[in-house]
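Asks: First the structure, which I've put down as structure tokens, then a few questions once you've had a look.
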Amino acid sequence: MSEYRSMSEDEVRERTRALLEKIHPEKSDSVTFRRAQYDEGLAWIHFPEGYGGLNVSPKMNVVVLDEISKHSSVVYNDPPAGLIGIGMGAPVLLTYGSEELKKTLLPRIFSGEDIWCQMFSEPSAGSDVAGLATRAVRDGDEWVVNGQKVWTTVAHLSKWGMLVARTNPDVPKHDGLSYFLLDMESPGVDVRPLYQITGEAEFNEVFFNDVRIPHEYMFGKEGQGWRVAITTLMNERVAIGGAGPRKKGGGSISQLMKLWSEREKQNLSPGQEAVMRDRVSRLYIETELLRLTAQRARAAQKAGNPGPEGSVAKLAQADINKRLWETAVDILGSKGLSFEAGYELRQSAGVDASSTEAFAKYQFLRSRANSIEGGTSEIMRNILGERVLGLPGEPRVDKDVAWKDVPRS
Amino acid sequence: MSEYRSMSEDEVRERTRALLEKIHPEKSDSVTFRRAQYDEGLAWIHFPEGYGGLNVSPKMNVVVLDEISKHSSVVYNDPPAGLIGIGMGAPVLLTYGSEELKKTLLPRIFSGEDIWCQMFSEPSAGSDVAGLATRAVRDGDEWVVNGQKVWTTVAHLSKWGMLVARTNPDVPKHDGLSYFLLDMESPGVDVRPLYQITGEAEFNEVFFNDVRIPHEYMFGKEGQGWRVAITTLMNERVAIGGAGPRKKGGGSISQLMKLWSEREKQNLSPGQEAVMRDRVSRLYIETELLRLTAQRARAAQKAGNPGPEGSVAKLAQADINKRLWETAVDILGSKGLSFEAGYELRQSAGVDASSTEAFAKYQFLRSRANSIEGGTSEIMRNILGERVLGLPGEPRVDKDVAWKDVPRS
Amino acid sequence: MNLTFTEEQDELRATVRQFFADKSDEQAVRAHMNLPSGYDGDLWTQMAEQIGLAGLIVPEEHGGAGFGYKELCIVMEEMGRVLACAPYLATSVTATNALLQCADEATRNSLLPSIATGETIATLAYVESSGCWDLSEVNMRAQSKDDGWLLDGEKGWVLDGVAADVILVVARTETGLEVFRVEGDAEGLTRSDLPTLDLTRKLAKLSFASTPATKISEGDQSEALERVLALTVVALAAEQVGGAQACLDMAVEYASTRLQFGRPIGSYQAIKHKCADMLVEVEFAKTAAYHACFSAADEPGELLEAASLAKAYCSEVYFHAAAENIQIHGGMGFTWEHPAHLYFKRAKASALLFGDAAHHREALATIVGL
Amino acid sequence: MNLTFTEEQDELRATVRQFFADKSDEQAVRAHMNLPSGYDGDLWTQMAEQIGLAGLIVPEEHGGAGFGYKELCIVMEEMGRVLACAPYLATSVTATNALLQCADEATRNSLLPSIATGETIATLAYVESSGCWDLSEVNMRAQSKDDGWLLDGEKGWVLDGVAADVILVVARTETGLEVFRVEGDAEGLTRSDLPTLDLTRKLAKLSFASTPATKISEGDQSEALERVLALTVVALAAEQVGGAQACLDMAVEYASTRLQFGRPIGSYQAIKHKCADMLVEVEFAKTAAYHACFSAADEPGELLEAASLAKAYCSEVYFHAAAENIQIHGGMGFTWEHPAHLYFKRAKASALLFGDAAHHREALATIVGL
């Protein structure tokens, strides 16, 4: 996307007020209102006109929201299940989609009518995402897809899926991939919940059995799928890396401190109390530093002088989080032996936050994935070592080798 | 060495008493007595007759010592500086040395007249010992050596050095090495103390400047140096891996417990006391387990059923030892800020054990090498992972490549 | 102390391992843990009858196998390896030890034989609502009534407390801590399962309302009960070792066969060194558990120290191994369908049961005079 | 709080870094640390005169540069990076803060100008023979005599205590903790250097025998002295960050160029991941130190918490980085001739100085109400 045109904050507010005069959230449902918001170019304000935007700086998006919230008690935020489509799908569609697809689908994404999912990971390709094996074979004007994806959020709710599949196994892995938009209602698409350690299925497995995709649903050229996918992946990593709470003592440490202050005093001897207090104090320090380092990173970025402080959050947070919730259960002691939420297998995105204790136990289990999802801690250490510190890479056995000749499990 | 002949413990004791009747430690010096002990085949009892032994099981060596100590208040043990010659030099000499060298040198090794040193490591070849660069070039009946060795114990006291040098750089690294016996008084040999973090020089650097070695001082054939060296290295690793004390609560943990019991009580709040006590308790557990695991390994070995328990000591001990002495200094608190022994550079093998406190501070520094010397902890983890657990090796860039073509620093 | 097993003991291990490999593979464990009682009655009967596990340490005079703690250690280790679901810790370890250490002869004669055959499931109840594992926190007072006793109050975290036919309850009398026998179907006894973190071991909360009980001990049992608890954690430590070893084996197996970037992930030092560190810890944990079991068998004077040492160390090792196993398996290790989480939950639960690592490090510090 | 530095502050950092790169390379450090005073007088004069470091936080009215704690943090960080030998922490940080927080105007007028020029070396003496860094452990009592005061007793672990021209001594009077000025050459004062673990910073033991002293404070200084100590550990934390960063840089540099088995050792995950972990810790340590310095400058209410947080965290990070740097260098890192040990010793010493990590974690816990 090229240069944005300049538009004053006042004008953005004015246009928002104009929208509100036409249609008011308090008097309409979410879909209707957000469609109107799209039509006025106030959906993704940095998108071109006619596509939900006004071609002005993305900073102005918050101004729109701010102005709406000033004049309405009801604010229709992005629907949770719609985040992938809104955050990742829309930009990809805008860049690579046909005119027709853009015109049809962009408003439906923003309105929440269509949920999108992202299908990159596969069972055999975890850290090595580009080694994926789902095959797409050309058949006339269509592609025939066979294979399996995994860790697919909201697939069971999705109308559209962003799919990366291998269209050429005879070239090195990155070069043989293509990117498709897949109608999830196509015959041969089978979505199954993938239950986790907590009993919840936040994710799905998706199986493809001779699924047919029209050629015009390929985004980018054949063999350019990796390039199209990479931006999306980067967005995900940043999103998961997160920044922690902005308020001192906020977020998970506040839960830990609550459990600590409400602990069964007779359960621990004075000596054990002191040892545990030292652990909590250590976690207080680390969570504070996570929060403040994110702050420092934002400030440095804003000052145009970003340093390594921005890259360390994901790795640090995974480790701190796991220790924090382990400590929480240790504070609970014998009470940590019970798991009131139970383990019925269920497909929900909800955390049991009925009590700090139940929340802590849930997080104790859930946090184990923090060092795996969105890039394992081992991969993050490689990235920090090589990209930030400039250390040399390892000898590669899969470089410049046709994908089909690389050993895989 | 082939089968040992059988000899009863009684006969060994009898022969020892016969030796004592000829010459008694209380009435002779160490060299004279140990030469006589050698002549009677009671030096290395498992060596062949005429070479300091009787060709009987090495288990009988302790019987000799036991019998001597029964009849003499003076027992001439192996001289500390002589350990490398006695433990590593003699077996190598016996296997590879010429008849003349064996007859001349074996008695001098045992008597302590000749100190031996081992020269394998080089500055550029640490973990990668076989990558060593010291060159030996044939010149008629001699080899001309140039290069540098490092971490050479007792080199400054040594008459003889076991030297591995590169005689052929055009073959892969292990194949181009030869093993030499070097007269340390040869022209061009320069031994310099290598001072450590403690100010002590336990080791030396040895420089070779056109040093000439007669061809007959090569042990094994040209190009077989690695094979000759490997046994020696294995012995060293076992020796350094050590076994910890055999007595409960003995060794380093007893020093730590002493420091703990003598701590300045007002220095720590009750909370800090409890945290520190937990650390000490943890170290008590770990040192006990180090001791008991060694015991378990010995028992399993004895039962002919050795398992992985024998391989983990070196790695564990390095880590435990470092943490133990760090904890000791933390217990000392402010007193840990002073280092009474001082840092004058000195060439001695002595540890300042004038007080537990001084000993702890010395060990705090000295123990940092535990995870480096005799195989770094990183290399030990590779060995445990690959040889014990059977995990696959890494891709190698130096395999089947001529030594001269392998990149080195 | 020579920490090696005899050939007979090795054979026992082989037998037990084969038995559980046949009867308690992952599929069986998943089926058993979902049963209301948390275990399979048929398997339990087979354990008792086919290889004499239920009465392993019950003396022969009471119909048991008359084995000692080394053999028990072997069985616990092997059961821990496969996460076998059975009221073994409750009945064959804790309750049996309580009977041997505290009970009068009549009670021993009446209960031990049917424990040995597997017919009677027994358990020990002592922890109260604070959740503290120290005997000193037992506050329940038994009231004598006519020629019997009545119990009132609550006991928590009782192993297999709902399934148990007999509950041995620790309560106070004028003489001190005593042990009472309560039938599972006694009047005024309400039992409810805890929803447990660990799916493979049941825990219950028991409420007593003027529940009739028989006193089976004579005089203060504090010291005897300390030994019972020490013996329990020794067995638990052995079980932890089995679980930790299983996690290590699983991780190594996966690391050897899972390829990423064209190489087995176990060829990367990040994974290889994790496994090496686990190996060191597991070997040390074995030493700790074996030493504790051997102390229980041969050096009772060392029992309390060895037990706390083992429980402190093995608890952390098992948890660490179970956590690393998940990490090494990546996303797969985090799924319900993979067994890694079953070990992870067992590891955390067994770390908390009968006092966590910090608790036992402190106990050890006191014993060795730190 | 916006934890970034201004352009002017970045320029100050560049100037300071260049200055110490020129004047305090490894060879210089080794020379200076072997001098009897532990520092080079010429370098000290240049620090004061050329770039105004000695009086950096001395107000302009007293002839100083009038900078705040952010600038001080920059200087300490840069000095820590090269292990600069100078009585900076003693005179320009601790003593200066003590004068600013506790001293009467006459004393400030008399001492601060010559501290700012570098002519006067001052230090603070408060710790006694127990070695405890808590002010509550100060037991020395000052005796008033005629119109002056006499001091008796011992003070230990005094920064640059032998080199100091003026010693600010904390002692008790009837009003509480007060601060006394003692001249370096005062009667009855015996000073001896400790043989220090850390070769790059001098510590002394001072014995007072009816030593004449001037009281320079008015009324109990407990709270003011708490702030002085907090400000001291904030500066020390910044110094620790500089040292830790230097260790990381050194390790990365070596790992990139040292080849074993035909590859740079930094290409092995064992080494690469160590460096990555160090990077995370160093970045967090920077955050901690900067946050503490910025709190000192802008949020005095946050000072005590931020100071303890920073000292607790940075102490461990520096020690860890220094230890890993030795490990990554292998045998070489263990030799006297390599600078790694100088950082290692400084790291341990600065961790112990003014309270170790556990001490400050406990202080923090109390402040935040754990």
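Each value in this text was obtained by applying a stated rule to the coordinates, not by laboratory testing. Computed from a predicted model, the values in this text were never measured in an experiment. Positions of Cβ are generated from backbone atoms using ideal geometry, with glycine treated the same way; all protein chains shown enter the neighbour counts.
Asks: How about segment D:33-121: which GluC sites (Glu not before Pro) there are in a DSSP loop, with at most 14 other Cβ atoms within 10 Å of their Cβ? Numbers along the way, then the final one.
Replies: Working: sites: D:Glu49, D:Glu60, D:Glu61, D:Glu71, D:Glu77, D:Glu78, D:Glu105, D:Glu119; in loops: D:Glu119.
Counting only loop positions with at most 14 other Cβ atoms within 10 Å, the GluC sites (Glu not before Pro) in segment D:33-121 are D:Glu119.
Asks: Enumerate by residue number the GluC sites (Glu not before Pro) in segment B:160-207 meeting two conditions: DSSP loop (anything except H, G, I, E, B), and at most 16 other Cβ atoms within 10 Å of the site's Cβ. Don't skip to the end; give the middle numbers.
Replies: Working: sites: B:Glu185, B:Glu200, B:Glu202, B:Glu205; in loops: B:Glu185, B:Glu202.
The qualifying sites are B:Glu185.
Asks: Run through segment B:1-109 and list the GluC sites (Glu not before Pro) located in a DSSP loop whose Cβ has at most 10 other Cβ atoms within 10 Å.
Replies: Within segment B:1-109, the qualifying GluC sites (Glu not before Pro) (loop, at most 10 other Cβ atoms within 10 Å) are B:Glu3.
Asks: Still on this structure, please answer the following. Could you work out how far helix C:357-368 tilts from the main Cα principal axis of chain C, as a 0 to 90 degree angle to the nearest 10?
Replies: Helix C:357-368 and the main axis of chain C meet at about 70 degrees.
Asks: How big is the shadow of the Cα convex hull of the protein assembly as shown, averaged over all directions, in nm²?
Replies: On the way: hull surface 270.4 nm².
So the mean shadow area of the Cα hull is 67.6 nm².
Asks: Give me the one-decimal nm value for the distance between modelled label points at C:Asp147 and D:Glu119, 7 Å along each residue's Cα-to-Cβ direction.
Replies: Between C:Asp147 and D:Glu119, the simple spin-label model gives 10.4 nm.
Asks: What are the distances, in nm and sorted shortest first, from the label point of B:Lys399 to the label points of the same position in each other copy, with each label point placed 7 Å from Cα along the Cα-to-Cβ direction?
Replies: 1.8
Asks: Placing a label point 7 Å from Cα toward Cβ, how far apart in nm is C:Glu105 from its equivalents in the other copies, listed shortest first to one decimal?
Replies: Computed spacing set for this position: 9.7 nm.
Asks: List the residues of segment C:8-31 whose backbone N lies under 18 Å from a point placed 7 Å from the Cα of C:Glu49 along the Cα-to-Cβ direction.
Replies: Under 18 Å, as judged by backbone N against the label point of C:Glu49, lie C:19-20, C:23-24 of segment C:8-31.
Asks: What angle, in degrees between 0 and 90 and rounded to the nearest 10, separates the Cα long axis of helix C:222-257 from the longest principal axis of the Cα atoms of chain C?
Replies: Computed tilt is about 20 degrees.
Asks: To one decimal in nm, how far is D:Gly68 from the same spot in the other copies, if labels go 7 Å from Cα toward Cβ? Please give the shortest first.
Replies: Values, ascending and in nm: 7.4.
Asks: At A:Arg346 and B:Glu49, where each label point lies 7 Å from the Cα along Cα→Cβ, what is the point-to-point distance in nanometres?
Replies: 8.7
Asks: Continuing with this model, one more query. Helices from chain A with mean Kyte-Doolittle at least -0.5 and a Cα length along the axis of 18 Å or more, per DSSP H: which? Don't jump to the answer; show the numbers that get you there.
Replies: Numbers: long enough: A:9-22 (20 Å, -1.57); A:99-111 (19 Å, -0.28); A:225-241 (24 Å, 0.45); A:270-302 (47 Å, -0.66); A:313-332 (28 Å, 0.02).
Result, helices passing both filters: A:99-111, A:225-241, A:313-332.
Asks: Okay, next question. What is the Cα centroid distance between segment B:10-89 and segment A:317-335, reported in whole angstrom?
Replies: With segment B:10-89 and segment A:317-335 each reduced to a Cα centre, they are spaced 61 Å.
Asks: Please build a GNM for chain C, connecting alpha carbons under 10 Å apart, and tell me which residue among C:Val16, C:Val317, C:Val234 fluctuates the most.
Replies: Of C:Val16, C:Val317, C:Val234, the most mobile in the Gaussian network model is C:Val16.
Asks: A further question follows. What's the minimum Cβ distance from chain D to the axis relating it to C, in whole Å, and which residue gives it?
Replies: D:Gln269, 2
Asks: Once the Cα atoms of helix D:340-352 and of chain D are each reduced to a long axis, what angle between those two axes, in degrees from 0 to 90 to the nearest 10, is obtained?
Replies: Tilt of helix D:340-352: around 40 degrees.
Asks: Say R0 is 60 Å: what FRET efficiency, to the nearest 0.05, do C:Thr366 and D:Glu11 get from their beta-carbon distance? Before the final figure, lay out the partial values.
Replies: Values: r = 59 Å, r/R0 = 0.98.
The computed FRET efficiency comes out at 0.55.
Asks: With the contact rule set at Cα under 8 Å and sequence spacing of 6 or more, what percent relative contact order holds for segment B:116-222?
Replies: On the way: 258 pairs, mean separation 32.1, N = 107.
The normalised contact order for segment B:116-222 reaches 30 percent.
Asks: Then there is this: Within 10 Å of each Cβ in peptide D:317-327, how many partner chain Cβ atoms are there on average? Round it to a whole number, please. Provide the component values of the computation, followed by the final result.
Replies: Values: counts 0, 0, 1, 0, 0, 1, 4, 0, 0, 5, 9.
Other-chain Cβ atoms within 10 Å of each residue's Cβ, averaged: 2.
Asks: Considering every residue in D:101-107, what mean count of other chain Cβ atoms within 10 Å of its Cβ is obtained? Present the calculation step by step, with values, prior to reporting the outcome.
Replies: Numbers: counts 0, 0, 0, 0, 0, 0, 0.
So the per-residue partner count for this stretch is 0.
Asks: If you count, for every residue in D:333-344, the Cβ atoms of partner chains within 10 Å of its Cβ, what is the mean? Could you put the intermediate results ahead of the total?
Replies: Values: counts 4, 12, 10, 11, 3, 2, 0, 2, 7, 1, 0, 4.
Across the residues of D:333-344, the mean count of other-chain Cβ atoms within 10 Å is 5.
Asks: Sticking with this structure for a sec: With contacts defined as alpha carbon pairs under 8 Å and 6 or more residues apart, what's the relative contact order of chain C in percent? Before the final figure, lay out each step's value.
Replies: Values: 722 pairs, mean separation 59.3, N = 370.
With pairs under 8 Å counted, the relative contact order is 16 percent.
Asks: Expressed as a rounded percentage, what relative contact order does segment C:7-116 have, with Cα pairs under 8 Å and six or more residues apart? Let's see the in-between values first.
Replies: Numbers: 114 pairs, mean separation 35.3, N = 110.
With pairs under 8 Å counted, the relative contact order is 32 percent.
Asks: Among C:Met250, C:His338, C:Ser267, flag the residue with its Cα farthest along the positive direction of the charge dipole of segment C:233-339, charges on Cβ as +1 for Lys/Arg and -1 for Asp/Glu.
Replies: C:Ser267
Asks: Counting only the backbone N, which residues of segment B:50-78 are under 12 Å from the spot 7 Å out from the Cα of B:Lys22 toward its beta-carbon?
Replies: Inside the label zone: B:50, B:52-53.
Asks: Measuring from label point to label point, each 7 Å out along Cα→Cβ, what is the D:Asp298 to C:Ala106 span in nm?
Replies: Label-label distance for D:Asp298 and C:Ala106, simple model: 8.0 nm.
Asks: Rounded, prolate or oblate for segment B:116-222? Axes are the square roots of the Cα gyration tensor eigenvalues, ordered a ≥ b ≥ c, and the cut-off for rounded is a/c under 1.5. Kindly include the intermediate steps, with their values, before the conclusion.
Replies: Values: a/c = 2.17, a/b = 1.38, b/c = 1.57.
Oblate, because a/c is 1.5 or more while a/b does not exceed b/c.
Asks: Rank the residues C:Tyr318, A:Tyr362, C:Tyr313, A:Tyr195 as a footprinting-exposure proxy: fewest other Cβ atoms within 10 Å of their Cβ go first. Present the calculation step by step, with values, prior to reporting the outcome.
Replies: Working: C:Tyr318 32, A:Tyr362 22, C:Tyr313 29, A:Tyr195 19.
The most exposed by this proxy come first: A:Tyr195, A:Tyr362, C:Tyr313, C:Tyr318.
Asks: Roughly what percent of Cα-Cα pairs across chain C reach past 34 Å?
Replies: Percentage above 34 Å: 24.
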